[in-house]
Amino acid sequence: MRVMSLWRPWSFSIFHPSENAKSIENRSWAPPIALIGQRIALHDANKFDVSALRLFEQNGITDFPQSYDAYPSGVIVGVVTIDRVVTEERTLTPMQKRWYFGEVGWVLSDARRLSTPIAHKGGQGLRHLPEETTRAILEQLGIEPTAAAINGDP
């Protein structure tokens, strides 16, 4: 499985249990085509983006913690599936349009938060997770650890 780091508190908006959840990740680059339709893990990095809190409110997420300490860092917090990639907002839903502000939008689905975050050192780009970390994620999600699920590549 691959992992991508996000500045805190962005994952909070992706895993928010409402129709206002962020289902698009903004990047300046597209994921490898082989990852479309695949599940990736999301990691909360040490950096904190204060501007995110203002955008949470603007997009209907008002029940967010006010303290920086409430957002974990250095942990894998959940998984998402990359459905498709867009470079313009024409095909996005109204809610996705509200969250789209990047050069490349990764349209996400099946956001599943882990019940217990898993410690992991982050980094830039998409990286392969160690097999034992992938197994721990899949176990929490109740997914059979097949070779395809562990490798994260079709």
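Could we say that Ile33 is surrounded by fewer than 23 Cβ atoms within 10 Å (Cβ to Cβ), farther than 24 Å from Gln66 by Cβ and not hydroxyl-bearing (Ser, Thr, Tyr) here?
So Ile33 passes the test.
Just for the stretch 63-96: of the residues that are assigned to a loop (DSSP other than H, G, I, E, B) and of a type in the set (Phe, Trp, Tyr), which one is nearest to Asn20 (Cα to Cα)?
Checked the stretch 63-96; the qualifying residue nearest to Asn20 (Cα to Cα) is Phe64.
Please name all residue pairs, on different chains or six or more residues apart, with Cβ atoms under 6 Å, provided the first residue is in the stretch 61-86 and is touching a residue at least 24 places away in the same chain (Cβ under 8 Å) and the second residue is among the acidic types (Asp, Glu).
From residues that are touching a residue at least 24 places away in the same chain (Cβ under 8 Å), the pairs are Pro72/Asp44; Ser73/Asp44; Val75/Asp44; Val77/Asp44; Thr81/Asp110.
Is it true that some residue in the stretch 108-123 is of a type in the set (A, V, I, L, M, F, W, C) and in a loop (DSSP other than H, G, I, E, B)?
No, that holds for no residue.
Out of everything in the stretch 6-24 that is assigned to a loop (DSSP other than H, G, I, E, B) and touching a Gly at 6+ places or on another chain (Cβ under 6 Å), what residue ends up being farthest from His120 (Cα to Cα)? Give the steps one after another, and end with the answer.
From the stretch 6-24, those assigned to a loop (DSSP other than H, G, I, E, B) are 9, 15-23; that's our starting set.
Then drop every residue that is not touching a Gly at 6+ places or on another chain (Cβ under 6 Å), which leaves 15, 20.
Numbers: Phe15: 19, Asn20: 28 Å.
Filtering the stretch 6-24 for residues that are assigned to a loop (DSSP other than H, G, I, E, B) and touching a Gly at 6+ places or on another chain (Cβ under 6 Å), the one farthest from His120 (Cα to Cα) comes out as Asn20.
Could you list all residues from the stretch 50-109 that are touching a helix residue (DSSP H, G or I) at 6+ places or on another chain (Cβ under 8 Å) and of a type in the set (Asp, Glu)?
Result: Glu89, single match.
Out of everything in the stretch 1-27 that is at pLDDT 95 or above and hydroxyl-bearing (Ser, Thr, Tyr), what residue ends up being nearest to Val86 (Cα to Cα)?
Ser23
For the stretch 36-50, which positions are within 24 Å of Lys121 (Cα to Cα) and surrounded by fewer than 18 Cβ atoms within 10 Å (Cβ to Cβ)?
Those that are within 24 Å of Lys121 (Cα to Cα) and surrounded by fewer than 18 Cβ atoms within 10 Å (Cβ to Cβ): Asn46, Lys47, Phe48, Asp49, Val50.
The values are calculated or read from the model by the stated rules, or taken from the named source; none is laboratory data. Model, not experiment: these values are computed from the prediction. Ideal geometry is used to build each Cβ from the backbone, glycine not excepted, and the neighbour counts take in all protein chains shown.
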